[in-house]
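Below: one structure, written as structure tokens.
The values are calculated or read from the model by the stated rules, or taken from the named source; none is laboratory data. Note that the coordinates shown come from a computational prediction; the quantities given were computed from them, not determined experimentally. Cβ coordinates were reconstructed from backbone atoms using ideal geometry, including for glycine residues, and neighbour counts include every protein chain displayed. Just the protein is used for accessible areas: all its heavy atoms, side chains included, with ligands, DNA and RNA removed. Shrake-Rupley method; radii C 1.70, N 1.55, O 1.52, S 1.80 Å.
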Amino acid sequence: MNRNIQSNLTAWVLIFPFVFFFTVFLIYPFAYTVVHSFTDSPLIGWGNWVGLENYQKILKDKLFGKSIYQTFIFVVWTVIPNTVLGLAIAMMIHRIQSTIYAAIILGCFFIPHILPVTVVTDLWTSMTSNDLGIIQWIVKMFQDDPIPFFRHKVWAMPSVALITVWWTVGFNVLLFLAGLKMINPEIYEASEIDGANRWHKFRFITWPLIWPITALVLTLQLIFQLKIFDQMFLLTGGGPYNKTMVVLYHVYKQSFMMNKGGYASAIALLIFLFIIFVSVANYYMLRAVDLDKQR
């Protein structure tokens, strides 16, 4: 009995730090946001209980609808291209025979992923600067006037999407490369004996066997890009003319700029529930496709 008590006490001591920080930094903020969403509270402090009034305002908020649309546009610009490009680069690196060269190329693609978002945005801001930006030098070869990429209503969203793909594709490359190395080379050798070309190998061997990794990458990318905020905040500020106003930036604007903490909490809670729904639906959809491939 004493040994069981000692064992249980040791277990509780070991898990207490996790339970404490999980409660303080996740459970409590979530519960606070839920309660806050039913009030007219400012950013700091409490207000009056208004029930579902904030959620009714969301239905009439045209800027919220526009931010949802802009977020989906950003997801389209990033998720699929990021996944396809990551797989293509991983397959290229996988074919390189030299381990040193493969490691160097992988490092070139993965290094941007470990950079902080502030470094990434400063780097691209300087590259697109009207005075010294190397990209503007290329633009001036074709036209006289520079392009304000992050202040142009047409170029702003594609520019941020391109930077995001450049910044995050290295992580996808690493995941795909790990999946490719798990495929038995003897399968490819047997297919060559049967006369399979590169397309046949990819279509009937690589793609079915790499599908679980592909599903993982698609799910992670979908979650990450639905939560886009940092790049928009640092590069475009939601402009021009709200063309890059994504959902989380709308939450930031309502809470920190307009001091509507309760209304911002309601939007944030809906976004949280929506991301969970989309992630779960995406997981089961990709799982169904995987089961269909196995049949």
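Quick one: which residues, 5+ away or cross-chain, put their amide H under 5 Å from the amide H of T39? H built at 1.01 Å from N.
V50
Leaving ligands and nucleic acids out of the surface, order E189, E53 by accessible area at 1.4 Å, largest first. Don't skip to the answer; put the middle values down first.
Numbers: E189 105, E53 80 Å².
Most to least solvent-accessible, the answer reads E189, E53.
Give me the dipole magnitude in Debye, nearest 20, for the chain about the Cα centre, with unit charges on the beta carbon: positive for Lys and Arg, negative for Asp and Glu.
On the way: 20 positive and 14 negative charges, 90 e Å.
Here the chain has a charge dipole of around 440 debye.
Sort F25, F171, F149 from largest to smallest accessible area, using a 1.4 Å probe on the heavy atoms of the protein chains. Mind dumping the intermediate values first?
Numbers: F25 140, F171 60, F149 30 Å².
Ranked from most to least accessible, the order is F25, F171, F149.
Take every Cα pair under 8 Å in the chain that's 6+ residues apart, average their separations, divide by the length, and report that relative contact order as a whole percent.
Rounded, it is 30 percent for the chain.
Stretched out fully, how many nm does the piece from E53 to N184 gain, at 0.36 nm a residue minus the Cα gap?
41.3 nm
For a Förster distance of 25 Å, can you work out the FRET efficiency between the beta-carbons of F204 and Q97, rounded to the nearest 0.05?
Efficiency computed from Cβ-Cβ geometry: 0.55.
Taking square-rooted eigenvalues a ≥ b ≥ c of the alpha carbon gyration tensor, is segment 1-99 rounded, prolate or oblate, where a/c under 1.5 means rounded and, failing that, a/b exceeding b/c means prolate?
Numbers: a/c = 4.36, a/b = 1.04, b/c = 4.21.
Oblate is the answer for segment 1-99, as a/c is 1.5 or above yet b/c matches or exceeds a/b.
Length gain on complete extension for the stretch W137 to W211, per 0.36 nm per residue less the alpha carbon to alpha carbon distance?
Length gained, W137 through W211: 22.5 nm.
Relative contact order for segment 26-79 using alpha-carbon pairs under 8 Å, separation at least 6, rounded to a whole percent?
Working: 24 pairs, mean separation 10.5, N = 54.
After rounding, I find 20 percent.
Just want the answer: with Cβ charges of +1 for Lys and Arg and -1 for Asp and Glu, which residue in Q225, T164, P112 is farthest toward the dipole's positive end in the chain?
Q225
So for the pair I44, A88, with labels modelled 7 Å out along Cα→Cβ, what separation do we get in nm?
5.0 nm
Write down the accessible area per residue of the chain in Å², having rolled a 1.4 Å probe over the full set of protein chains.
62 Å²
Taking only DSSP H segments of four or more residues, each worth -39500 (n - 2.57), what value at 222 nm results for the chain once the sum is divided by all its residues, to the nearest 500 deg cm²/dmol?
Roughly -22500 deg cm²/dmol at 222 nm, from the helical runs in the chain.
Taking R0 as 22 Å, what FRET efficiency do you get between V280 and I80 from their Cβ-Cβ distance, rounded to the nearest 0.05?
In this case the efficiency is close to 0.65.
Given a 10 angstrom Cα cut-off, can you work out which residue in L132, L220, L162 is the most mobile in a GNM of the chain?
Largest GNM mean-square fluctuation: L132.
For Cα Rg over 2.2 N^0.38 Å, several values are listed as (i) 1.13; (ii) 1.26; (iii) 1.01; flag the one computed from this structure.
Step by step, Cα Rg over 2.2 N^0.38 Å for this structure corresponds to label (ii).
Keeping all protein chains in place and using 1.4 angstrom, which order do T219, T118, T99 fall into by accessible surface area, from largest down?
Of T219, T118, T99, the descending order of accessible area is T99, T118, T219.
Take the Cα of D61, step 7 Å along the line toward its Cβ, and report every residue of segment 232-256 whose backbone nitrogen sits under 15 Å from that point.
Residues passing the 15 Å test: 245-256.
For R3 and V117, FRET efficiency with R0 = 51 Å and r from the beta-carbon atoms, rounded to 0.05?
0.50
Cut-off under 28 Å on the C-alpha distance; same-chain residues fewer than 8 positions from K253 excluded. Which lysines are left, in chain and number order?
Straight-line reach from K253, under 28 Å: K57, K60, K62, K66, K153, K227, K243.
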